[in-house]
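> Quick one: the structure is below, and I'll ask about it shortly.
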Amino acid sequence: MESTKSSKAVSFLTILIVILLVVIAGLSYVYYQQKQQAKETEAMLLAEKDSLSNNLLNLMNDYKELETDNDSLNRKLQMEQQRAQKLYAELQNLKQVSYAKIKEYQKELGTLRAIMKNMVREIDSLNTLNQQLIAENVKVKEEAATAKKTVKELEQKTEELNTQVAKGSVVKARGVVATALNRRGSEVTRASRTAKFRTCFTLNENAIAKPGTRYVYMRIVGPDDFVLAKSETDLFDFEGEKIVYSANREVDYQNKDVEMCIFFDSNGELAKGTYKITLYMDGYMIGYTELTLK
């Protein structure tokens, strides 16, 4: 009986030990599986962390490459770049990586990317607008240059036209004849007998000339190239200078032919030779002749 009881006890203990060994083996397997899974999860989280770090670095570089002349956008760029740098520093200092933290950083990264896309669009729009403004500015400058050139050409043509009109409005003298007279008014040819010069001519009809009263000036240059004049103060304007005249006469010109004569009294002895006689009116030379005295 005692032998039977002892045998049963041994069998029970053996079964119990076997069961315990099976339980221990099962627990060991479960622990091993959990440990392996924990390692794999940790490796995956670390890989995700590295991926986030690389993405943040790329994002920061992208922010550095963005350029704009807009001060407001530049401030916004700087603020978002600092935000990315702060997020990168936090990620590097993170000791315990979890799914929750990874999701949080992924969300922040997505926000930063979305902001960057919007800023890229804004910068592109500004650059496009700037290019349009530059093109318009160039066009305006070209049009202004063309207008300036056109105005200059018109001014030139107007000036040329005015010059032509001014030349066309000059009243010319025709049939200019100079005669030497003695004291009795008879014509002579000798210098010793000459007491007076008479120059007769006709002012031509000119429809575009300005009508009214003006002076005709006569200038006599002797063989010695000196001007015969009564006074050094007898001056008139010609080509921007004051020059001496020998005699003058007032005439009322009304755009019709006018026949007239101008006289000059000689108070001194005259030299033999050729005398050059020039007529002027309105600042223009209008006639010329010569007279030779023996």
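The values are calculated or read from the model by the stated rules, or taken from the named source; none is laboratory data. Computed from a predicted model, the values in this text were never measured in an experiment. All Cβ positions, even for glycine, are placed from backbone atoms using ideal geometry, and neighbour counts span all protein chains on display.
> Which residue out of 253, 245 is assigned by TED's automatic domain parsing to the domain that holds residue 267, closer than 21 Å to residue 289 by Cα and either β-branched (Val, Ile, Thr) or in contact (Cβ under 8 Å) with a residue 24 or more places away in the chain (or both)?
Numbers: 253 fails: closer than 21 Å to residue 289 by Cα.
From the options 253, 245, the qualifying one is 245.
> Here's a follow-up. Regarding residue 270, is this residue of a type in the set (A, V, I, L, M) and at pLDDT 90 or above?
When the stated conditions are applied, residue 270 does not pass them.
> A further question follows. Kindly provide the set of residues from region 212-238 that are exposed (fewer than 12 other Cβ atoms within 10 Å of the Cβ) and not in a strand (DSSP E or B), ordered by number. It would help to see each step written out before you state the result.
In the first step, residues of region 212-238 are kept if they are exposed (fewer than 12 other Cβ atoms within 10 Å of the Cβ); the result is 212-213, 224-226, 231-233.
Passing the criteria: 224, 225, 226, 231, 232, 233.
Conditions (1) over 24 Å from residue 225 (Cβ atoms); (2) surrounded by 15 or more Cβ atoms within 10 Å (Cβ to Cβ), marked per residue:
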| site | (1), (2) |
| --- | --- |
| 250 | yes, no |
| 253 | yes, yes |
| 273 | no, no |
| 281 | no, yes |
| 288 | no, no |
| 293 | no, yes |
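> Further question on the same structure: Considering only region 124-147, I want to know if a residue exists there that is outside the structural domain of residue 214 (by TED's automatic domain parsing), surrounded by fewer than 12 Cβ atoms within 10 Å (Cβ to Cβ), charged (D, E, K, R) and at pLDDT below 65.
no
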